[in-house]
Every structure is written in C-alpha cells, then in structure tokens.
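Please read the structure below before turning to the comments.
The values are calculated or read from the model by the stated rules, or taken from the named source; none is laboratory data. Keep in mind it's a predicted model, so treat the numbers as computed, not measured. Counting neighbours? That spans all protein chains shown, and the Cβs are built from the backbone with ideal geometry, glycine included. Just so you know, the surface numbers come from the protein's heavy atoms only, side chains and all, with ligands and any DNA or RNA stripped out. Shrake-Rupley method; radii C 1.70, N 1.55, O 1.52, S 1.80 Å.
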Amino acid sequence: PPAVQRSLVVAYATSVASIMGVNLVYPLLPAMMQQLGVDETSVSLMVTVYTAPAIVLAPIAGIVADLYGRKRLLFWGMLLFGLAGASVALAPTLEWALALRFLQGVASSVLFPLTIVLLSDLLEGDQETSAQGLKVVLDRVATATLPVAAGALAAVAWNAAYYLYVFTIPIAFLSLWWTPERRRPGGSVAGYFRSMLAAGGNRKILAAYGAGFLRFFLDYGYFTYVPIYLAVSRGTPPVVVGQVLACYAVGAMITASQRSEEHTSELQ
C-alpha cells in the first residue's frame, strides 16, 4: 500500500542517517587536523563525543519509544541530528565542533533503536525479513558512496561535507506525516525493566550483546585510526581516504550476499 511505502522511505532514510553519523566523518578527520591545526588525539574526539551519549541514552530511548510511541522521538531526533550535524560546518574551533557533535550523538541515540523496529512496525513475516535485508543493502551502498563524496568535499574545505546532514531535516518532517504511531499497550517502565533484566540472564543474548560490543569497538577504533594514518604517514588525499573506506562497504556487501545465498540453500 502507498502508506506503507511512504513509511518505508522514512525507515530506510533513518537507518542511513544513523550510520552516516560516523561513516561520513571518518574521511574528514585528516582535513580537520590540517586546517584546524589540531593533533590526532584531539580530532579523534569527533567520534568519541558522538558515540558516548548512546551508552546511557539508547536504552532510555528504546523504552520511551515502546511505551509512549515512536513518532515524536523520530521527529525530534532526526531534526536535532540534521541541525547539529550541519552546524558543525559553522564551528570556528574544534571545541565548538565537539559540542555540536555531542548534540548530534544525543540525537543519534534516539534514532539508533528505531532503525530496526520501524520496519517491524510496518511489516510481518517474510516481508519484514526482505525489508530488513534491503535495509542492510541500502546502508552498505551509502557507506560505499557517501564517504567518497565527503572525502572529495574535504579536499576543498574540512567543513563542507557536514552540510550533507541538512538532507536529514526534511525526513524529520516527513516522519510526522508518513510514520504510523506505535506503542506497547498497557506497559509500564517497571515492567519494561523487569523484562530487560530477565532477558539479560539469557546466555545467548549476552553472547549477542558481547559480539555487538566487540564489533562496534573495533569498527570505531579502526576507522578512526586508518584515515589519520593514511594522511599523516602516507600523505594520502582525502578523496582517496574516502575510496579506501568505501572498499570496506563493498566487501561487506559481497560477504553478506554470500551468506544470504548459503542460508537460502540450507532452507531449500
């Protein structure tokens, strides 16, 4: 139905925006070092201050979304994400840029729990499985293309690519019109925490959480280091740094497609 298709546009755009919070910034770090005159440790804080709020706020956002609805969280989260991200381009110093990145990280903490559940709200069964697969593909396509564009813009000015976050602002307003409201009927905060604690005792869930933590820990550390290393030690231009980072996304898409084929053959 057209209503579902419009809602899917918002869901996919939210997912792409969420992962571009860091992937768009990686190729910009060397240019920021050179043009702002800061060292490697200082510029790496552009990733740290963005990701830190999610430690506390992402679980809270998930509770609020389930109990009180997604629409307002999605709107305000996407609006703040776009405004704070684009405002980094106007920051006169690294300190201002870090403060704005922190605000963008707060917004991302709201968006991140919604990237999967929005699809679950709209579809069921095999349709949801296909939609989640398409989400992964779109995320990887964005990861393969947008860092290259950011690297090209960084060759002109370190702040130019941050204006790309402006494109998330219209999505915020579209979410008000196109996204259906969902909430858990009759739920309570106390009951929600009890269910979370019960789930935390499951060893399989704990293993999944551990794997997820390790993946993001390695990803953020590695992809913060690589652009700085290439620029400082190898003199690599920003546009080439973006292309190197894009290779990761291409490899991930190939790997994911192979796993999908294996899973399909097993089912058959």
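Okay, here's what the table says:
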item: Flag for residue 64 being of a type in the set (A, V, I, L, M) and touching a residue at least 40 places away in the same chain (Cβ under 8 Å); result: no
item: Helices (runs of 4 or more DSSP H) lying entirely in region 51-117 (those with 3 or more residues that are under 23 Å from residue 163 (Cα atoms) and of a type in the set (Gly, Ala, Ser)); result: 71-87, 94-111
item: Residues located in region 37-63, provided they are among the hydrophobic types (A, V, I, L, M, F, W, C) and open to solvent by 50 Å² or more (accessible area, probe 1.4 Å); result: 45, 55, 56, 57, 60
item: Unique residue being in contact with a helix residue (DSSP H, G or I) (Cβ under 8 Å, 6 or more places away or on another chain), within 16 Å of residue 168 (Cα to Cα) and of a type outside the set (D, E, K, R) when the list is 86, 144; result: 86
item: Search result, residues across region 233-267 that are at pLDDT 75 or above, among the β-branched types (Val, Ile, Thr) and more than 22 Å from the chain's Cα centre (by Cα); result: 236, 240
item: Close pairs (9 angstrom Cβ cut-off, 6 or more residues apart or separate chains): under 15 Å from residue 245 (Cβ atoms) in region 202-226, modelled with pLDDT under 70 and surrounded by 10 or more Cβ atoms within 10 Å (Cβ to Cβ) anywhere; result: none
item: Test: residue in region 90-99 that is of a type in the set (Asp, Glu) and more than 18 Å from the chain's Cα centre (by Cα); result: yes
item: Residues of region 4-17 classified as open to solvent by 10 Å² or more (accessible area, probe 1.4 Å), within 16 Å of the chain's Cα centre (by Cα) and of a type outside the set (A, V, I, L, M), total; result: 1
item: Selection within region 87-105 - open to solvent by less than 40 Å² (accessible area, probe 1.4 Å) and closer than 11 Å to residue 49 by Cα; result: 97, 98, 100, 101, 104, 105
item: Evaluation of residue 136 against (1) closer than 26 Å to residue 160 by Cβ; (2) open to solvent by 40 Å² or more (accessible area, probe 1.4 Å); (3) touching a residue at least 24 places away in the same chain (Cβ under 8 Å) (one fails), failing number; result: (1)
